[in-house]
1. Looking at the range 126-141 only, could you name the residues that are open to solvent by 40 Å² or more (accessible area, probe 1.4 Å) and either in contact with a Cys (Cβ under 9 Å, 6 or more places away or on another chain) or not in a strand (DSSP E or B) (or both)?
2. For PHE159, indicate whether it is in contact (Cβ under 8 Å) with a residue 60 or more places away in the chain, aromatic (Phe, Trp, Tyr) and surrounded by 17 or more Cβ atoms within 10 Å (Cβ to Cβ).
3. Test each condition in (1) open to solvent by 40 Å² or more (accessible area, probe 1.4 Å); (2) at pLDDT 95 or above; (3) among the hydrophobic types (A, V, I, L, M, F, W, C) for PHE186 and report the one that comes out false.
4. Of the residues ILE232, ILE175, only one is surrounded by 23 or more Cβ atoms within 10 Å (Cβ to Cβ) and more than 21 Å from VAL125 (Cβ to Cβ); which?
5. Exactly one of these conditions fails for VAL205: (1) open to solvent by 10 Å² or more (accessible area, probe 1.4 Å); (2) under 17 Å from ILE241 (Cα atoms); (3) at pLDDT 95 or above. Give me its number.
6. Check every one of the strands (runs of 3 or more DSSP E) wholly within the range 212-255 and list those with 1 or more residues that are among the polar types (S, T, N, Q).
7. Search the range 212-224 for residues that are open to solvent by less than 80 Å² (accessible area, probe 1.4 Å) and pair each with any residue that is polar (S, T, N, Q) and in a loop (DSSP other than H, G, I, E, B) when their beta-carbon atoms are under 8 Å apart and the residues are at least 6 apart or on different chains.
8. Taking the criterion of being touching a Lys or Arg at 6+ places or on another chain (Cβ under 7 Å) and of a type in the set (Ser, Thr, Tyr), would at least one residue in the range 123-137 satisfy it?
Amino acid sequence: MYLPPRHAEIVQMAKDAGRVLVDDLATHFGVTPQTIRKDLNDLCDQRMLTRIHGGALFPSGIENMEYEARRKIAADEKQAIGRAAARLIPDNASLFVNIGTTTEAVSDALLDHDGLMVITNNINVANKMRIFPSFEVVIAGGVVRGSDGGIVGEAAVDFIRQFKVDYAVIGASAIDHDGALLDFDFREVKVAQAIIANARHVILVADSTKFERTAPVRIGHLSQVDTFITDICNVAAVRTICGTSEVQLIETSPA
């Protein structure tokens, strides 16, 4: 499909960074925000991008975007979510931390804790936390996914099932408006399900862009978690699920 040069560049920027914002694009191209909004609407009509408030996302359906691009999406929001999650976890606790850029933000915020036992299938988390002598870091065995350092597969599931921990910190690639928690890799989902089943308190961490995305594999349902931390929950149906299922909803940047 032929795209005008500005449209093609916008799509490439979205692919590289995961999302684009109207104000940033207007500055970059030296045009008005109204012009950029029209560009984004045109690209979304062609299903090249997915519209969100203030910008657009590179669409996802059956394939996740590159890990480094995912790191850049809502980076400040993820750090705030990480700090909020860390405040819920006391010293001397045991916890699971699974794969994801937001769960990694939680691990960053936990580095000032003491006496943690951290069980993870995320090589990035293990490598970051292993140098702290007060932490005991236990890493799952299994297939290492080259794209992001996640450890997946049946061996990882069997490993996780050996434990019963105080807290689990989990992420999701997408959250459907009916409360379904979704991901892309069925092998990763099996590990996440084992983590949920073997923790006393499950903390879901996900920024609000996850409400705009979709993925094909079901992890579980929002009602299965104890605490949901996001930057802002602007989906009324999700708020209702949290209320009826007694899920604590924490927003780090409420409207």
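1. ASN127, LYS128, ARG130, ILE131, PHE132, PRO133, SER134
2. No, not satisfied.
3. That leaves (2) as the condition not met.
4. Answer to the selection: ILE175.
5. Against the list (1) open to solvent by 10 Å² or more (accessible area, probe 1.4 Å); (2) under 17 Å from ILE241 (Cα atoms); (3) at pLDDT 95 or above, VAL205 comes up short only on (1).
6. Fully inside the range 212-255 and qualifying: 227-230, 248-251.
7. Between residues of the range 212-224 that are open to solvent by less than 80 Å² (accessible area, probe 1.4 Å) and residues that are polar (S, T, N, Q) and in a loop (DSSP other than H, G, I, E, B), the close pairs are ARG213/SER60; ARG213/SER173; THR214/SER60; ALA215/SER60; ALA215/ASN64; ALA215/SER173; LEU222/SER245; SER223/SER245.
8. No; the residues of the range 123-137 include none that is touching a Lys or Arg at 6+ places or on another chain (Cβ under 7 Å) and of a type in the set (Ser, Thr, Tyr).
The values are calculated or read from the model by the stated rules, or taken from the named source; none is laboratory data. Source: prediction; values computed, not measured. FYI the Cβ positions are ideal-geometry reconstructions off the backbone, even for glycines, and counts take in every protein chain you see. Just the protein is used for accessible areas: all its heavy atoms, side chains included, with ligands, DNA and RNA removed. Shrake-Rupley method; radii C 1.70, N 1.55, O 1.52, S 1.80 Å.
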